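To keep things clear, I will list the structure first and then write my remarks on it.
The values are calculated or read from the model by the stated rules, or taken from the named source; none is laboratory data. All values derive from a computational prediction rather than experimental measurement. A quick note on method: Cβ atoms are made from the backbone with ideal geometry, for glycine too, and the neighbour counts reach across all protein chains shown. Protein only, heavy atoms only, side chains kept; ligands, DNA and RNA dropped before computing areas. Shrake-Rupley method; radii C 1.70, N 1.55, O 1.52, S 1.80 Å.
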Amino acid sequence: MENNHSKTPIRVLHLITGLNTGGAEMALYRLLGAMNRQEFQSSVVSLIKPGPVGDLITEMGIPVQSLEMPPGRASMRGFYHLIRILKDFKPDILQTWMYHADFLGLMAGKLAGVPAIAWNIRGSEMNFMNSQGLSRIITKTCALVSGWPQAVLVNSRAGIIAHEKLNYRPRRWQFIPNGIDTEKFLPDFASGQKIRTMWNIPIDCDLIGMVARLDPQKGHTFFLQAAAFVLKEKPDTHFICIGGGPENFSGELKKQAEALGLGTSIHWIGNQTEMPSVYNALNIYISPSAYGEGFPNVIAEAMACGIPCVATKTGDAPDLLASTGLIVPPQNSQALAEAILKILNTPPDIRALIGASARERIITNFSMDKMAGAYSDIYGQILGSKTSRKSK
């Protein structure tokens, strides 16, 4: 199929599992905002009821539809609805995001006669012990049909390695790291102080924080254990967990924090919308993930705000941080605490230089223009023609 891009935009339908706040969902939102709309006409379909990211996409003027599938379960009604949407929109490319959408999109796309299909994988190693049964089945089934799409896009090199171990054998891997809006995520001391006041956290204390949904994958348990170690040496330090999750797991974590004696030094803040202010409220950002990260957006966003970071060696976090932060083994609270203390014991002017170098790394290597240009290129190649690298 040939497209005259100067006259007819490439039609891309993005199919994603859901549109609640998360790394993949925000990556899609930012990509849509960066793609040149004269070259690409985009539409979005969510398997389940759209969440807040769906509202953000709609506000951009990009249509969002939902198949209204029950969370964690597929339905034939939703599947046939997707086929109808594909036949009506007639996309040149069906871009799917995450395993459930990858599999259902592939099947529906083939039946609807979509010319080209690309998968998007956002994580790395899987822990099937913490996965639902359907997720395990879908992931393994995707491996069996991974040669059917024209390309499989990944946001981390670790994702390629992990999925090859799961017997993914695509026609083509395409590595495209996430892009960060460095005009939005930037150092802003005043906004950080303002949000600390709103949270009733002392202005002059060292505040160590993490942003993640409440899930065993994200390593909150190790964060809390590390906090207890740090407080023995730095009793005035405060810690904050930002993000929501199931009440039962939230309750378990709060009981753990109480048992560790964290008291009023630990703060639990739900999902936040003003994320640049959140990062700017911190002195150190922590990513204690136990497994499964691909390209951790939250680390890159904190770096763009000039915040020194500590991360576990999962996914592409070591490549992302490079020499601008500290990497520790996953599931090792002692090592996490030692890294935190190392930064806390660093003079403030050196901390500032670390943060500045982290921001410069994001500006140089992980811009939105680079991400949008890479998607533009791969779409053109998939369709057998070239597209401009210019973004909006």
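Element breakdown for the chain at a 1.4 angstrom probe: carbon and sulfur atoms account for 53% of the accessible area. Legend: P(r) of region 235-327 from all alpha carbon pair distances, 5 Å bins from 0, whole percents, reading 3, 12, 21, 22, 22, 16, 6, 0.
A Förster radius of 35 Å combined with the Cβ-Cβ distance from ASP215 to LYS90 puts the calculated FRET efficiency at roughly 0.40. Annotation: aspartates and glutamates with alpha-carbon distance below 20 angstrom to LYS313 (same-chain offsets under eight excluded): GLU125, GLU164, ASP215, GLU293, GLU301, GLU338. Across region 1-88, the fraction of Cα-Cα pairs farther apart than 22 Å, rounded to a whole number, is 30%. Compactness of region 197-251 was expressed as the Cα radius of gyration divided by 2.2 N^0.38 Å, which yields 1.22. Evaluated on region 165-232, the Kirkwood hydrodynamic radius is 16.6 Å, with distances taken between all distinct Cα atoms.
With the helix formula -39500 (n - 2.57) applied to DSSP H stretches of n ≥ 4, the chain reaches a computed 222 nm mean residue ellipticity of -13500 deg cm²/dmol. Membrane-span-like helices in the chain (whole DSSP H runs, Cα extent of at least 15 Å along the helix axis, mean Kyte-Doolittle hydropathy of at least 1.0): 333-344. Please work out whether region 143-279 counts as rounded, prolate or oblate from its C-alpha gyration tensor, where a ≥ b ≥ c are the square roots of the eigenvalues and a/c under 1.5 means rounded, while otherwise a/b larger than b/c means prolate and anything else oblate? Cα axes put region 143-279 in the prolate bin. Note on region 222-270: Rg/Rh from Cα positions, Kirkwood definition for Rh, rounded to two decimals, is 0.96. Using the alpha-carbon centroid of each, what span in Å lies between region 335-368 and region 1-74? The distance from the Cα centre of region 335-368 to that of region 1-74 comes to 34 Å. Amide H contacts under 5 Å for GLY306: ARG359, restricted to partners 5 or more places along the chain or on a different chain, H placed in the peptide plane at 1.01 Å from N.
Panel values: region 23-143, Kirkwood radius from alpha carbon pairs, Stokes-Einstein at 20 °C and 1.002 mPa s, translational diffusion coefficient 141 µm²/s. A simple count of charges around ALA311, restricted to other residues whose Cβ falls under 15 Å of its Cβ and scoring Lys, Arg +1 and Asp, Glu -1, yields -1.
The H on the amide N of SER367, modeled in the peptide plane, is under 5 Å from the matching H of ILE180, each at least 5 residues off or on a different chain. When the Cα centres of region 281-326 and region 196-269 are compared, how far apart do they sit, in Å? About 17 Å separates the Cα centre of region 281-326 from the one of region 196-269. Here the calculated FRET efficiency for LEU166 and GLU233, from their Cβ-Cβ distance with R0 = 45 Å, stands at 0.60, rounded to the nearest 0.05.
Taken over the chain, the percentage of Cα pairs per 20 Å bin, counting from 0 up to the bin with the maximum distance, is 28, 56, 16, 0. Taking amide H positions as modeled 1.01 Å from N, with prolines and chain starts lacking one, the residues under 5 Å from ARG122 and 5 or more places away or on another chain are MET98. According to the Cα-based calculation, Rg over Rh for region 68-194 is 1.07, with Rh computed by the Kirkwood formula.
Here the peptides 348-355, 175-182 are ranked by packing, the mean other Cβ count within 10 Å, and the order with the highest first is 175-182, 348-355. Structural size metrics of region 310-376, computed from C-alpha coordinates, are Rg and Dmax of 14.3, 45 Å. Computed over the alpha-carbon atoms, region 341-381 gives an Rg to Rh ratio of 1.33, Rh here being the Kirkwood radius from the mean inverse distance. Per residue of region 315-332, what does 6.51 cos²θ - 1.76 cosθ + 1.60 with θ = phi - 60° give for ³J(HN,Hα)? Whole Hz please, x for Gly and Pro, Karplus curve as stated. Listing the rounded values in order: x, 9, 4, x, 5, 5, 6, 6, 8, 8, x, 10, 10, 10, x, x, 6, 9 Hz.
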